[in-house]
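Novice: Sharing a structure here in structure tokens format.
The values are calculated or read from the model by the stated rules, or taken from the named source; none is laboratory data. Everything numeric here is computed off the predicted structure, so don't read it as measured data. Neighbour counts run over all protein chains shown; Cβ positions are idealised from the backbone, glycine included. Quick note on the areas: whole protein, heavy atoms, side chains included, nothing else; ligands and nucleic acids left out. Shrake-Rupley method; radii C 1.70, N 1.55, O 1.52, S 1.80 Å.
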Amino acid sequence: EGVIKVSAVHHAGALYKGPIAQVNQKDTQVEITETDTQVIYRSGSLRAVIDKAPSGYRLAFYEGEKFLTESSFRNLAHMYNNKTEKAYMLEQLSIDVDEYIYGLGERFTPFVKNGQVVEMWNEDGGTASQLSYKSVPFYMTNRGYGVFVDHTDNVSFEVASEKVEYVGFSVPGEEIRYIFFYGPEPKKILKSYTALLGRPALPWSFGLWLSTSFTTNYDEATVTSFIDGMLKRDIPLSVFHFDCFWMKEFHWCDFEWDDRVFPNVREMLARYKARGLKICVWINPYIAQNTALFKEGAKKGYLLKRSDGMGVWQTDLWQAGMGVVDFTNKEACAWYSAQLRRLLDMG
């Protein structure tokens, strides 16, 4: 109740093989009223009004008598690129002059998204770019509603950028789907959104995390100086994170501590935990070829293989000759989990 899904289709025979976001859909009492000029769809106090007038298409959302947003003349469209032979669907929802847009996942751009072009595509771009590690095609506005674009493909948002009076979003293909939520409080919008798409587990820590980052030459004394530096500044700390160089160079990720600088790992971790800190270490699902773990994984068939059948697939992206764990192999999953279990047992 209070949530309405919209689907607009151009060629209904087009196939989409997924993936598709799993939605917890419930049978809800809705009321549909049709007149000569309108179709009115009600879910709770939220309603969508579709004008049938020949003068032009219009879909408007209301909470009671309060107007929220609309899609009207030239807002809903199908586009086709003759060069690439790709089709796209576009929708634009109006915004008011004092309406602000928030959300769209983890982003390193201004908190208010007005004026931005946002691509739903996860890339390793660092924190000084517009690229994102965790794109989420969901936004909220200060007018009390939220919109989730129900696509796992590359959704492209134009947030009051190409047209300052609209939030536009486009998706590849012949259909566009989005889900409309009303709050009006942000907490209520998020409650409806997470009820529909799933709620995360309770976070491991709500507090501040401090990282060694890319410090390449550090030991327990260096790490302790970081922690003491926070204490001297009266900055509470919950988690200490050891970035990549807790392992030896060219040994990512064999899950072996660099014993040249961390000779007594268990004792060190115990000392930090006695200070009330949780401990986190940097890992990735690839393994450098200059490690015993790579040789073991290759021998047992736990690494991704080349499509031509000529052994393990390798690349030099982050480590020389790195291979990638084949997580479609259940035995490989158990093997990888066992490596992580060794770290957990250390603390």
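Novice: From the list Thr216, Thr212, exactly one residue is touching a Phe, Trp or Tyr at 6+ places or on another chain (Cβ under 7 Å), open to solvent by 60 Å² or more (accessible area, probe 1.4 Å) and over 30 Å from Ala14 (Cβ atoms). Which is it?
Specialist: On the way: Thr212 fails: open to solvent by 60 Å² or more (accessible area, probe 1.4 Å).
Residue meeting the stated conditions: Thr216.
Novice: Somewhere in region 100-107, is a residue at pLDDT 95 or above, touching a Gly at 6+ places or on another chain (Cβ under 6 Å) and aliphatic (A, V, I, L, M)?
Specialist: No, the conditions are met nowhere in region 100-107.
Novice: In addition: Just checking, which of Phe262, Phe250 is among the hydrophobic types (A, V, I, L, M, F, W, C), touching a residue at least 24 places away in the same chain (Cβ under 8 Å), in a loop (DSSP other than H, G, I, E, B) and open to solvent by 60 Å² or more (accessible area, probe 1.4 Å)?
Specialist: Phe250
Novice: Out of (1) more than 28 Å from the chain's Cα centre (by Cα); (2) basic (Lys, Arg); (3) farther than 30 Å from Ile32 by Cα, the odd one out for Lys134 is which?
Specialist: Unmet for Lys134, out of (1) more than 28 Å from the chain's Cα centre (by Cα); (2) basic (Lys, Arg); (3) farther than 30 Å from Ile32 by Cα: (1).
Novice: Here's a follow-up. With the condition kept exactly as written, say whether any residue in region 2-16 is touching a residue at least 60 places away in the same chain (Cβ under 8 Å), open to solvent by 30 Å² or more (accessible area, probe 1.4 Å), on the phi < 0 side of the Ramachandran plot and in contact with a helix residue (DSSP H, G or I) (Cβ under 7 Å, 6 or more places away or on another chain).
Specialist: Looking for residues that are touching a residue at least 60 places away in the same chain (Cβ under 8 Å), open to solvent by 30 Å² or more (accessible area, probe 1.4 Å), on the phi < 0 side of the Ramachandran plot and in contact with a helix residue (DSSP H, G or I) (Cβ under 7 Å, 6 or more places away or on another chain), one finds at least one in region 2-16, hence yes.
Novice: Right, another one. Of the conditions (1) of a type in the set (Gly, Ala, Ser); (2) modelled with pLDDT under 95; (3) under 28 Å from Glu174 (Cβ atoms), Ser45 clears all except one; give me its number.
Specialist: (3)
Novice: Let me ask something else about it. Are any residues in region 297-319 surrounded by 12 or more Cβ atoms within 10 Å (Cβ to Cβ) and more than 29 Å from the chain's Cα centre (by Cα), and if so, which ones? Spell out how you get there, then give the answer.
Specialist: Applying the first criterion (surrounded by 12 or more Cβ atoms within 10 Å (Cβ to Cβ)) to region 297-319 yields 297-298, 300-305, 312-315, 318-319.
Passing the criteria: Gly297, Ala298, Lys300, Gly301, Val312.
Novice: For region 41-57, enumerate the residues that are under 19 Å from Glu91 (Cα atoms) and open to solvent by less than 60 Å² (accessible area, probe 1.4 Å).
Specialist: Arg47, Ala48, Val49, Asp51, Gly56
Novice: In region 76-126, which strands (runs of 3 or more DSSP E) lie fully inside it and hold 2 or more residues that are over 13 Å from Val159 (Cα atoms), more than 22 Å from the chain's Cα centre (by Cα) and touching a residue at least 60 places away in the same chain (Cβ under 8 Å)? If you could, list the steps in order and put the result at the bottom.
Specialist: On the way: elements: 77-81, 86-94, 101-105, 116-119.
In region 76-126, the matching strands (runs of 3 or more DSSP E) lie at 77-81, 86-94.
Novice: Does any residue of region 126-134 turn out to be surrounded by 13 or more Cβ atoms within 10 Å (Cβ to Cβ) and among the basic types (Lys, Arg)?
Specialist: In the first step, residues of region 126-134 are kept if they are surrounded by 13 or more Cβ atoms within 10 Å (Cβ to Cβ); the result is 130-133.
Filter again for among the basic types (Lys, Arg), leaving none.
Within region 126-134 (the criterion being surrounded by 13 or more Cβ atoms within 10 Å (Cβ to Cβ) and among the basic types (Lys, Arg)), the answer is no, since none of the residues qualifies.
Novice: Going by what's in this entry, would Ser71 be described as within 20 Å of Val9 (Cβ to Cβ), open to solvent by less than 50 Å² (accessible area, probe 1.4 Å), small (Gly, Ala, Ser) and free of Cβ contacts under 8 Å to residues at least 60 places away in the same chain? Let's see the steps before the verdict.
Specialist: Working: within 20 Å of Val9 (Cβ to Cβ): yes; open to solvent by less than 50 Å² (accessible area, probe 1.4 Å): yes; small (Gly, Ala, Ser): yes; free of Cβ contacts under 8 Å to residues at least 60 places away in the same chain: yes.
Spelling it out, Ser71 is indeed within 20 Å of Val9 (Cβ to Cβ), open to solvent by less than 50 Å² (accessible area, probe 1.4 Å), small (Gly, Ala, Ser) and free of Cβ contacts under 8 Å to residues at least 60 places away in the same chain.
Novice: Shifting gears a bit: Kindly list the number of the only condition in (1) polar (S, T, N, Q); (2) more than 17 Å from Ile176 (Cβ to Cβ); (3) surrounded by fewer than 14 Cβ atoms within 10 Å (Cβ to Cβ) that fails for Asn81.
Specialist: Condition not satisfied by Asn81: (2).
Novice: Which residue, of Phe226, Phe255, Phe294, is of a type outside the set (S, T, N, Q), open to solvent by less than 50 Å² (accessible area, probe 1.4 Å) and part of a helix (DSSP H, G or I)? Break it down into steps so the answer makes sense when it comes.
Specialist: Values: Phe226 fails: open to solvent by less than 50 Å² (accessible area, probe 1.4 Å); Phe255 fails: part of a helix (DSSP H, G or I).
Every option except Phe294 fails the conditions.
Novice: Cβ-Cβ distance below 9 Å, separation of 6 or more or different chains: which pairs start in region 214-235 with a residue that is under 21 Å from Ala270 (Cβ atoms) and end on one that is in a helix (DSSP H, G or I) and charged (D, E, K, R)?
Specialist: Final answer for the pair search is Glu220/Arg271; Thr224/Arg271.
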